């Protein structure tokens with residue numbers, strides 16, 4: 001269960017908040033200042049931290065809350081409400097569906113594509129992969145390995161080929177085979193930001209022209225272990241593509257994880273999937289209530 005896996009990630013955060021509550025005879029301003037520090041050092045941004053603390057302060061004072069357990073539960077609910085984006089958290093279920101996977105090299109993009117393909121195939125959908133990251137050496141080979149492992153087809157060209165040409169061929173193949181989901185890998189780094197933006201725009205133009213009836217998802221893959229650097233990528237890639245959701249990878253015991261809250265709040269961005277390990281099944285749909293439970297349940 002997602003909540004159980006989260007406990008290993010957020011154990012320190014939960015314990016620090018518990019200690020801050022238990023060590024004070026009264027819930028005063030010193031507590032709220034300490035809570036602010038705890039949240040910020042857990043990779044939650046300043047703006048989001050202040051929103052959490054101010055909301056909790058108002059509710060504690062308005063309802064005369066004094067029990068640490070009650071305050072902690074309320075804090076969990078505030079965070080759950082903040083990250084809950086309702087139906088936007090769900091992957092589009094209108095078929096056919098084209099998913100562009102976007103993100104920097106080394107963030108777990110290719111692995112996430114393989115895990116997502118496996119998940120969708122297990123749901124009974126037909127899946128195809130497009131190796132449109134033609135700039136990174138061995139990217140196509142890595143995607144083919146995942147395709148063989150999952151048991152889905154992969155469309156690829158030679159290294160250095162035009163990525164949009166790969167997308168074009170993949171679309172024609174997907175249409176001919178009546179494939180439910182086409183997942184497209186994309187380059188994580190080009191010569192400069194303009195090259196990256198232009199390439200993504202070109203891919204989107206090809207998709208719009210060749211497969212206008214297909215539903216769309218642009219998923220940004222972020223590495224949770226990079227903390228606040230991952231947050232800045234939301235803005236950078238958001239300038240290059242219409243991001244519909246986040247896949248957060250490597251959310252294990254080494255990650256502080258507060259970036260989940262910051263991304264959802266400051267960018268109003270739904271977290272769609274989280275990667276919790278190296279196994280092929282370790283990609284889980286994000287659930288706001290489970291997320292908060294994993295933080296605040298002992």
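What follows draws every value from the coordinates through simple rules; no lab data is involved. Given the structure is predicted, the values throughout are model-derived calculations rather than measurements. All Cβ positions, even for glycine, are placed from backbone atoms using ideal geometry, and neighbour counts span all protein chains on display.
Computed per residue of the chain from DSSP H runs no shorter than four, each worth -39500 (n - 2.57), the mean residue ellipticity at 222 nm is -16500 deg cm²/dmol. Look at 267, 168 and count the other Cβ atoms within 10 Å of each Cβ; fewest to most, that gives 267, 168. If you wrap the Cα atoms of the range 55-140 in a convex hull and average its projected area over all directions, you get 9.2 nm².
Between residue 40 and residue 161, the modelled labels are 5.1 nm apart [label points 7 Å from Cα along Cα→Cβ].
Going from the residue with the fewest nearby Cβ atoms within 10 Å to the one with the most, 110, 134 rank 134, 110. Principal-axis analysis of the Cα atoms of the chain puts helix 46-63 at an angle of about 40° to the longest axis.
Among 184, 92, the order by Cβ neighbours within 10 angstrom, fewest to most, reads 92, 184.
Taking a virtual spin label 7 Å from the Cα of residue 268 along the C-beta vector, which residues in the range 57-93 bring their backbone nitrogen under 18 Å of it? 81-90, by backbone N distance to the label point.
For the chain, a Gaussian network of Cα nodes joined below 10 Å ranks 180, 169, 19 by mean-square fluctuation, and the top entry is 19.
Looking at the P(r) of the range 139-217, how many percent of alpha-carbon pairs lie beyond 18 Å? Of all Cα-Cα pairs in the range 139-217, 44 percent lie more than 18 Å apart. Contact order for the range 93-243, expressed relative to its length and based on alpha carbon pairs under 8 Å spaced 6+ residues apart, stands at 36 percent. P(r) tail, the chain: Cα-Cα pairs separated by more than 35 Å, 24% of all pairs.
A Förster distance of 45 Å, applied to the separation of the beta-carbon atoms of residue 242 and residue 29, puts the FRET efficiency at 0.60.
Extending 7 Å from Cα along the Cβ direction at residue 209 and again at residue 65 yields two label points whose distance is 5.6 nm. Taking all Cα pairs closer than 8 Å and separated by 6 or more residues, the relative contact order of the chain comes to 29 percent.
The alpha-carbon atoms of the range 21-87, seen along their principal axes, cover 40, 24, 17 angstrom, with the largest extent given first. Under the criterion of Cα pairs below 8 Å and six or more residues apart, the relative contact order for the range 212-272 equals 40 percent. Over the range 1-158, how many percent of alpha carbon pairs lie in each 5 Å bin up to the one with the longest distance? In order of increasing distance, the bins hold 1, 7, 13, 14, 12, 10, 9, 9, 9, 7, 5, 3, 0, 0 percent. At an R0 of 25 angstrom, the distance between the Cβ atoms of residue 93 and residue 202 translates into a FRET efficiency of 0.35.
When the Gaussian network model of the chain links Cα atoms closer than 10 Å, the mean-square fluctuations of 128, 82, 95 top out at 95. Descending by average beta-carbon neighbour count within 10 Å, the peptides 63-71, 100-108, 30-38 line up as 100-108, 30-38, 63-71, the highest first.
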